[in-house]
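Undergrad: Okay, here's the structure, questions in a sec.
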Amino acid sequence: MDLLNAFIALANYVLVPGIAYGSQLALGALGVTLVYGILRFSNFAHGDTMALGAMSAVLITWGFQSLGLSLGVLPTALLALPFAIIITIGLLLGTDKLVYSFYREKKAKPVIFVIVSLGVTFVYNGITRFIIGAEDQRFLDGERFIISARDFKEMTGLDEGLAIKTTQGLTVVTAVIVVAALFWFLNKTRSGKSMRAYSDNEDLALLSGINPERVVMITWIIVACLATTAGVLYGLDKSFKPFTYFQLLLPIFAAAIVGGLGSPIGAIAGGFVIAFSEVTITYAWKKVFGYLAPEGMAPDGLVQLLSTDYKFAVSFVILLIVLLFKPTGLFKGQSV
């Protein structure tokens, strides 16, 4: 029985949060790896693109809530998500037209695009803070739990309860649907095949009659969809705070690089590697070891390798190790 309680505690605080967080990082890393693989630069503005997309969803959600619109047990933010995606698409296409296209015409080096994207980051961040402020904003409504710890204890008779939040289940289901749709698009549609061809060999793709501007436009549209969805899911699961999305840039880039930049499968795998590394290393294992240890030998301390304050340091260390020893990542993406 103690072994089962230990497993439930592990699932409650490591497995379930790790899967949900990994799904959010995977969606974010997919956007980064698409920009790197097709447009050939590291987009430092991706975190604040997520913030702007999520902010749009927050504002529209509040509008719907004031009108009495809801989805019952599901968050109203799902109703606002398509509108937020449209706003983010307009934002990214406008930014590309006003900023990035100029440097593409000049055939600027990738490092120039990186510096430019950093400037775009500050602009996006300023817009977000100006409109919605810098404080935590909560926009979650609907049912909070798929199953609560109390209900689980009553059903099983165990001492430890398993709680699965609605947002966690929603995150995983949405991530699966979005990833499946993306892979179908890239592998089965003419536009997706054009993007893959452009990514593999730009000169050959141009000789084949592929329109580069159309490829760029489709790429930004997909990135807007991924960034907004990831931003909204993260905001629902935690809370919406603009600076948090800027901090998320590190684990998202770490996920993309660990999996292999330019590899969509690698981005997904890297997202879960980073998520579980962060959650596992910063979790206090006292409760789990308390169930597993012989009687009278339960640990007194928290049995925590790192405080949660250093969560992003885990991503940084993993990123450094990968860059030093395997710069192409797990799935042999483009070398960094």
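The values are calculated or read from the model by the stated rules, or taken from the named source; none is laboratory data. Since the model is a prediction, treat every value here as computed from it, not as a measurement. Here the Cβ positions follow ideal geometry from the backbone for every residue, glycine too, while neighbour counts run over all protein chains shown. For the accessible areas, the whole protein counts, side chains as well, though only heavy atoms, and no ligand, DNA or RNA atoms are used. Shrake-Rupley method; radii C 1.70, N 1.55, O 1.52, S 1.80 Å.
Undergrad: Could you run the Karplus curve 6.51 cos²θ - 1.76 cosθ + 1.60 with θ = phi - 60° over region 133-142 and give me ³J(HN,Hα) per residue in whole Hz, x for Gly and Pro?
TA: x, 9, 8, 4, 10, 10, 9, 7, 9, x
Undergrad: What's the FRET efficiency of residue 190 with residue 114 using the Cβ-Cβ distance as r and R₀ = 22 Å, to the nearest 0.05?
TA: Details: r = 31 Å, r/R0 = 1.40.
Between residue 190 and residue 114 the formula returns 0.10.
Undergrad: A further question follows. Using a 1.4 angstrom probe with every protein chain in place, what is the largest-first accessible-area order of 234, 310? Before the final figure, lay out the partial values.
TA: Values: 234 15, 310 135 Å².
My answer, sorted largest first, is 310, 234.
Undergrad: Explain nothing, just the number: relative contact order of region 1-140, from Cα pairs under 8 Å at least 6 residues apart, as a whole percent. Each step should come with its number before you reach the end.
TA: On the way: 87 pairs, mean separation 44.6, N = 140.
Reported as a whole number, the value is 32 percent.
Undergrad: Round to a whole number: what % of the accessible area of region 243-336 belongs to carbon and sulfur, probe 1.4 Å?
TA: Result for region 243-336: 70 percent of the exposed heavy-atom area is carbon or sulfur.
Undergrad: Still on this model: Search the structure for amide H atoms under 5 Å from the amide H of residue 146, placed 1.01 Å from N in the peptide plane, and list their residues when 5 or more places away or on another chain.
TA: Distant-sequence amide H within range of residue 146: 164, 165, 166.
Undergrad: Additional query: Could you go through region 112-126 in sequence order and give the Karplus-derived ³J(HN,Hα) for each residue, using 6.51 cos²θ - 1.76 cosθ + 1.60 with θ = phi - 60°, rounded to whole Hz, and x for Gly and Pro?
TA: Taking θ as phi minus 60°, the curve returns 5, 4, 4, 5, 4, 5, 5, x, 4, 4, 5, 5, 4, 4, x Hz for region 112-126.
Undergrad: In the full protein assembly as shown, how much of residue 307 is accessible to a 1.4 Å probe, in Å² to the nearest 10?
TA: Solvent-accessible area, nearest 10 Å²: 50 Å².
Undergrad: With 28 Å as the limit, write out which pairs from 97/238; 97/193; 238/326 have Cα-Cα distances beyond it, or answer none. Let's see the in-between values first.
TA: Working: 97/238 33 Å; 97/193 24 Å; 238/326 33 Å.
Violating the 28 Å Cα-Cα cut-off are 97/238; 238/326.
Undergrad: What accessible area, in Å² to the nearest ten, does a 1.4 Å probe give for residue 185?
TA: The accessible area of residue 185 comes to roughly 50 Å².
Undergrad: Using a 1.4 Å probe and ignoring any ligands, DNA or RNA, find the accessible area of residue 62 and quote it in Å² to the nearest 10.
TA: Roll a 1.4 Å probe over it and residue 62 shows about 90 Å².
Undergrad: Here's a follow-up. Tell me the angle of helix 16-34 to the major Cα principal axis of the chain, expressed in degrees between 0 and 90 and rounded to the nearest ten.
TA: 10
Undergrad: On to the next question. Per residue, how much space in cubic angstrom lies within the convex hull of the C-alpha atoms of region 142-186? Display every interim value, and only then the final one.
TA: Numbers: hull volume 3.4 nm³, N = 45.
Per residue, the Cα convex hull of region 142-186 comes to 75 Å³.
Undergrad: In degrees between 0 and 90, to the nearest 10, how far off the longest principal axis of the chain does helix 190-200 point, with axes built from Cα atoms?
TA: 90
Undergrad: Please work out whether region 164-242 counts as rounded, prolate or oblate from its C-alpha gyration tensor, where a ≥ b ≥ c are the square roots of the eigenvalues and a/c under 1.5 means rounded, while otherwise a/b larger than b/c means prolate and anything else oblate? Could you put the intermediate results ahead of the total?
TA: Numbers: a/c = 4.52, a/b = 2.38, b/c = 1.90.
Because a/c hits 1.5 or more and a/b exceeds b/c, region 164-242 counts as prolate.
Undergrad: Once fully extended, how much extra length lies between residue 101 and residue 129, figured as 0.36 nm per residue of separation less the alpha-carbon to alpha-carbon distance? Could the numbers behind the result be given before it?
TA: Working: separation 28, 0.36 × 28 = 10.08 nm, distance 2.65 nm.
Extending this stretch completely gives an extra 7.4 nm.
Undergrad: I would also like to ask the following. Over region 192-336, calculate the relative contact order: mean separation of alpha carbon pairs under 8 Å at least 6 apart, over the residue count, as a percent. Let's see the in-between values first.
TA: On the way: 157 pairs, mean separation 33.9, N = 145.
RCO, region 192-336: 23 percent.
Undergrad: Where a ≥ b ≥ c are the square roots of the eigenvalues of the C-alpha gyration tensor, would you call region 187-315 rounded, which needs a/c under 1.5, or, failing that, prolate if a/b is larger than b/c, or oblate?
TA: Working: a/c = 3.68, a/b = 2.63, b/c = 1.40.
Judged from the Cα gyration tensor, region 187-315 comes out prolate (a/c at least 1.5, a/b above b/c).
Undergrad: Specify whether the C-alpha gyration tensor of region 53-181 places it in the rounded, prolate or oblate class, a ≥ b ≥ c being the square roots of the eigenvalues: rounded for a/c under 1.5, otherwise prolate if a/b is larger than b/c and oblate if not.
TA: prolate
Undergrad: Net charge within 15 Å of residue 65 by Cβ-Cβ distance, Lys/Arg positive one each and Asp/Glu negative one each, not counting residue 65 itself?
TA: Numbers: positive: 138; negative: 141.
That sum, taken over residues with Cβ under 15 Å, equals 0.
Undergrad: Sticking with this structure for a sec: What does the convex hull of the Cα atoms of region 111-218 come to per residue, in Å³, rounded to a whole number? Intermediate results must be reported in sequence, preceding the final value.
TA: On the way: hull volume 23.4 nm³, N = 108.
In region 111-218, the Cα convex hull volume per residue is 217 Å³.
Undergrad: Can you give the angle from 0 to 90° between the axis of helix 46-66 and the longest principal axis of the chain, with both taken from C-alpha atoms, to the nearest 10?
TA: It is inclined by approximately 70 degrees.
Undergrad: Might you tell me the accessible area per residue for the chain, computed with a 1.4 Å probe and given in Å²? Walk me through the numbers on the way to the answer.
TA: Working: 16150 Å² over 336 residues.
Accessible area per residue, the chain: 48 Å².
Undergrad: Pick from 248, 162, 71: which residue has the top mean-square fluctuation in a GNM of the chain where Cα pairs under 10 Å get a spring?
TA: 71
Undergrad: 5 Å is the cut-off here: which amide hydrogens, built 1.01 Å from N in the peptide plane, fall below it relative to residue 71, excluding neighbours closer than 5 in sequence?
TA: 76
Undergrad: Could you state the per residue volume, in Å³, of the convex hull enclosing the Cα atoms of the chain? The partial results should precede the final answer.
TA: Values: hull volume 50.3 nm³, N = 336.
Dividing the Cα hull volume of the chain by its residue count gives 150 Å³.
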